[in-house]
Amino acid sequence: METTIDPKALAMTLTNEQFMELLRQVIKEAIEGVEKGKKEEEAYYSPQEVCEKYGFSETTLYRWRKAGLLVANKQGGLLKYRRSDINDFRNHKSEI
């Protein structure tokens, strides 16, 4: 006969110190996940890097920027494209 355990009925006894340590670990992992997500979102590429990475020509990239389809930001006087903007554009390009 096989025994099954109902996860909803599973209980565990923790001391206050164990609970606090578990809570610290959960919070730490959550914060690390958020920070990792922010770092990934904040990646910026030069026009040349965008063309190399995604296979666009510089002329096409220029036309999309001038048409307002893809936003470029100036950083230190240089144009930079945010990775999240590029990915959003690529995902919605077929709708245009």
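Every number here is computed from the coordinates shown, using simple stated rules; none is lab data. Since the structure is predicted, the reported quantities are computational estimates derived from the model, not experimental observations.
Computed from the alpha carbon positions, the gyration tensor of segment 44-95 leads to an equivalent ellipsoid with semi-axes of 16, 11, 11 Å, biggest first. Adding -39500 (n - 2.57) for every DSSP H run of four residues or longer, then dividing by how many residues the chain holds, sets the calculated 222 nm ellipticity at -17500 deg cm²/dmol. Counting only the Cα atoms, the chain fills a convex hull of 222 Å³ per residue.
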